[in-house]
Amino acid sequence: MDIDRETKFSDVDDSNDRSAAGSRQSLRWTTSTGRMSYDATTSDAEGTEGPSPAPTVIIIEDGVERRRTPVNVLTRRDTLLKSSTDGELDFEKSAVYIAENSIEAARISNNYKFGLKKWKSHVTSRPLVTRSEIVQDLYADIDNVKDIKVSTFRPFNILYALLYGWWLALLYLIVGALMYVTVIGSAYGGFCWRMAGYFIWPFGKYVHQIHSVAPSPTVTYKSTGMVNGQMKAQPNPSASPGSVASSTAMAGETDALLTSSDSPAASGRPEALCYGFWTRPASYLWILIGLIPLSIIHALIFAISWFFVISIPTAKLNGKMLTKILFLPPDEVHIGNSGRAYMGPSKSSEIIMYSHQSVNLYYYKYTIDGVNIILANLLVFVILSIAIGYFFDNSVINGVIKCALSVLAIIPLTYYIGMAITSISAQSSFAVGAILNATFGSMVEVILFIIMLKKGKDSGQECYQELVKSSLTGAILCSILFIPGMSMVIGGLKFRMQRFNPRSANISASLLFVAIIGVFAPTIFSKIFGSLHCTGCETTYDAVPLGDGKINPGVPVNISDYAGFLCRECEQSLHGPHGDITLYKKHIKPMVYTISIILPLAYIIGLLFTMKTHSAHVFGEFEQELKQENAANGHHGHAQWSKVKSTVILLLSAVAIALCADLISENIQPLLQATGISEYFIGVTMLSLVAELPEVVNGVQFALQNNVNLGIEIGCSTAIQVCLVQIPLLVLVNLIYPMGFYMVFNDVHLWTVIFSVVIINYIFQDGKSDYFQGSIVVFIYLLLMCMYFFMLTPEHALCQPSPQNSGPPVTTTLAPV
């Protein structure tokens, strides 16, 4: 059951119902989804002594009630009402949090702490019986038949017949004809032709497995009269063996309607996949002619259908063929249009495959080991990128393909890292969680940037440094504009108007302003005191007439008066005249080191404040409620990923990211040449967005549960981590292993970030959001991306195809930062 865990007290309706049996105080509210409601009640019967029973929460979903014992919600609401000054509930304390166990309680608590990853998905396994019926159907086997009266003539089913059905049926017809020719394989020929009729339109048809049922002895009963109002019977040894009706009539309610003789086990044959397969001579012929080609085709359809997620019902049909039906005796498989297949008195049938649809749009909720099916399927790009990138030369596989596959491979690896960090943090102390988030939380970007910088040092090209700076700028812009904007848009489309805590948002935005000033202070300093560097200049002169002071045609002029220079493509440079770098060595470089020390200190102080010294003040009441709720439920929970498993996944993901990042750095130059796109645009979009996609998804998921506040906090905290953690780490790595990285950004990066921070601070003022405000923020982000797309790339920032033939870049004379 998918429960909205953050139900606002503003939806609460308090009422008092009295009856002859006593008094009943009721509290009922509805979740933001509108699909379920909670009913917390306390009763105090007349004439009874002692305390009233603990309040009970009834979770009602789709007509099914399940009871839970939560924190005393009525007392909590009264406290909030008393603390409010205007008769309304305080926004900061107006949420009810429901956690199934202590691990989920820790995850929810970590979502509101500075410096810890905010994660929407569960990290513990949930019993399938508590989920909605729609979700339960997703995990049901293909032989699970429900009484669904729907038409099978659907657009997606027709699409299946056009894409797969006709040629799969044709293949079965051809294989069946070949098996008929062999004579000894004629039984398999009939099987193939039956399956041809099935696969051309499998919807609404039943695949039965026929079992031989051994005759079982029949016991009849005779009545012995009424005893205590119930009919009693005893075995009648004189009755004829055929008296079946009487035995059925006298059976008790607890007796099985179907005896064990109806099951496959009653026939004496064990339920093994290939039982008896190798004892049939025709099986060897079937392997050569039918099993191998059909298995390849079914495996191909299974892989394609599974990858597109919504077509998993089609994948399940082919998976059932691969794992069972192709290995069954051909005379045991029959096709029918009903759920029962009568094959004689000594036969029983079992439905082994049924489907009424080729597509189910709800399969995006399907998970594998706690990971969403979409992200799990994207792991195929990790395998493909590493296999193709390291085992095939660029002459065989184009470098553009290698780069694209490597970028796609980073998306699921980023999600797996986030899931592992969240799982460990929820099972550990705050110190472990803080260290993990400060180090491995930025692992994807830091590994990618370090490998890119090393590639730039080895090739002698400055363009890789510009790609890294563009990626850092793109991560900041995505965090403060795109993530909050998308959260506002998606949440506003569902809830019309959403509220968030403006004080919390303003605190995050103010801290972000401090972080931005620290990161771009060297850039501002260089713009003020640096030299102007231009690609070309021409001397200009004033034209002074020699006559009456008027310039007329034919009148001689004096052009000896010097006027100045006309220059093009000018930008600020750290170089002075004749390559002097005194400004950089004596002023900018010490400033960068000083800032790189101050920024991580600010991050550490924030962690200590929210998670150590003032933890009880900030989160004490909230965490206590979660602990009481968990104790009342009596659930401890088990994480789907243990600490050991999460650590192993974390390390494997780090290795895979390093391999993919190396492939990106090696093949991004062919991508730039093939597309003709600016290096700046590639940096602020592709290289920065791939690592931020899980944060975008989490922000949207929080907004869909009417918690846009966390969607906004995700963006701000991610941007703060870029400034306070990632950039100082790059400076530290560059200090240990010089790679030519200096913290001076392009003018466009400087002004776009400052403009974005000002805009988002303005948006946060009123504490309300809707899809209009969100769309404005998203449009600003898109307009900035358009500016980067058409931006002129300076010559030193271009990635040259033959770096060994080009001169050294301008910044090679700079001492490394």
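The values are calculated or read from the model by the stated rules, or taken from the named source; none is laboratory data. As the structure is a prediction and not an experimental result, all values here were calculated from the model. Here Cβ is always computed from backbone atoms with ideal geometry, including for glycine, and neighbour counts include all displayed protein chains.
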Response to the item:
Given the conditions (1) free of Cβ contacts under 8 Å to residues at least 60 places away in the same chain; (2) in contact with a helix residue (DSSP H, G or I) (Cβ under 8 Å, 6 or more places away or on another chain); (3) part of a helix (DSSP H, G or I), every one holds for Ala387 apart from (2)
Discussion item. Ala656 - would you say it is farther than 17 Å from Ala475 by Cα, in a helix (DSSP H, G or I) and of a type outside the set (S, T, N, Q)?
Written reply: yes
Worksheet entry | Candidates Ala431, Ala426, Ala475 - the one that is aliphatic (A, V, I, L, M), touching a residue at least 40 places away in the same chain (Cβ under 8 Å) and under 21 Å from Ala602 (Cβ atoms) | Ala475
Practice prompt. Return only the number of the condition from (1) of a type outside the set (A, V, I, L, M, F, W, C); (2) over 27 Å from Leu672 (Cβ atoms); (3) part of a loop (DSSP other than H, G, I, E, B) that Gly774 does not satisfy.
Written response: (3)
Item to complete: Scan the helices (runs of 4 or more DSSP H) fully inside segment 279-357 and keep the ones with 2 or more residues being aromatic (Phe, Trp, Tyr) and within 25 Å of His211 (Cα to Cα).
Response: 281-286
Item to complete: Among the candidates Asn706, Asn667, single out the residue that is assigned to a loop (DSSP other than H, G, I, E, B) and in the same structural domain as Leu472 (by TED's automatic domain parsing).
Response: Asn706
Item to complete: Exactly one condition in (1) touching a His at 6+ places or on another chain (Cβ under 7 Å); (2) at pLDDT below 75 is not met by Glu104; state its number.
Response: (2)
Worksheet entry | Test for Lys455: is it in contact with a Ser or Thr (Cβ under 6 Å, 6 or more places away or on another chain), basic (Lys, Arg) and buried (at least 20 other Cβ atoms within 10 Å of the Cβ) | yes
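Residue by residue, here is whether (1) out of contact with any Leu (no Cβ under 8 Å at 6 or more places or on another chain); (2) closer than 21 Å to Trp201 by Cβ; (3) assigned to a helix (DSSP H, G or I) holds:
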{"residue": "Ile142", "(1), (2), (3)": "no, yes, no"}
{"residue": "Val145", "(1), (2), (3)": "yes, yes, no"}
{"residue": "Phe153", "(1), (2), (3)": "yes, yes, no"}
{"residue": "Tyr160", "(1), (2), (3)": "yes, yes, yes"}
{"residue": "Tyr164", "(1), (2), (3)": "yes, yes, yes"}
{"residue": "Leu170", "(1), (2), (3)": "yes, yes, yes"}
{"residue": "Leu173", "(1), (2), (3)": "yes, yes, yes"}
{"residue": "Leu178", "(1), (2), (3)": "yes, no, yes"}
{"residue": "Ile184", "(1), (2), (3)": "no, no, no"}
Fill in: Odd one out for Lys454 among (1) in contact with a Lys or Arg (Cβ under 6 Å, 6 or more places away or on another chain); (2) modelled with pLDDT of 90 or more
(1)
Practice prompt. Return a yes/no flag: does segment 676-684 have any residue that is part of a helix (DSSP H, G or I), among the hydroxyl-bearing types (Ser, Thr, Tyr), surrounded by fewer than 24 Cβ atoms within 10 Å (Cβ to Cβ) and at pLDDT 85 or above.
Written response: no
Discussion item. Just to be sure I understand, how many residues within segment 194-209 are buried (at least 18 other Cβ atoms within 10 Å of the Cβ) and outside any loop (DSSP other than H, G, I, E, B)?
Written reply: 8
Practice prompt. Go through segment 417-449 and give me each residue that's aromatic (Phe, Trp, Tyr) and either surrounded by fewer than 24 Cβ atoms within 10 Å (Cβ to Cβ) or at pLDDT below 90 (or both).
Written response: Phe430, Phe440
Worksheet item: Of the residues Gly460, Gly518, Gly491, which is surrounded by fewer than 24 Cβ atoms within 10 Å (Cβ to Cβ) and more than 30 Å from Ile668 (Cα to Cα)?
Response: Gly518
Worksheet entry | Any hit, segment 617-628, residues being over 30 Å from the mean Cα position of the chain (by Cα), at pLDDT 75 or above and loosely packed, with under 13 Cβ neighbours inside 10 Å | no
Item to complete: Could you please find all residues in segment 130-187 being of a type in the set (Ser, Thr, Tyr) and in contact with a Gly (Cβ under 7 Å, 6 or more places away or on another chain)?
Response: Thr152, Tyr180
Fill in: Cβ-Cβ under 6 Å pairs, at least 6 apart or on other chains, segment 779-790 side closer than 16 Å to Ile677 by Cβ, far side among the hydroxyl-bearing types (Ser, Thr, Tyr) and part of a helix (DSSP H, G or I)
Leu784/Thr752; Tyr788/Tyr680
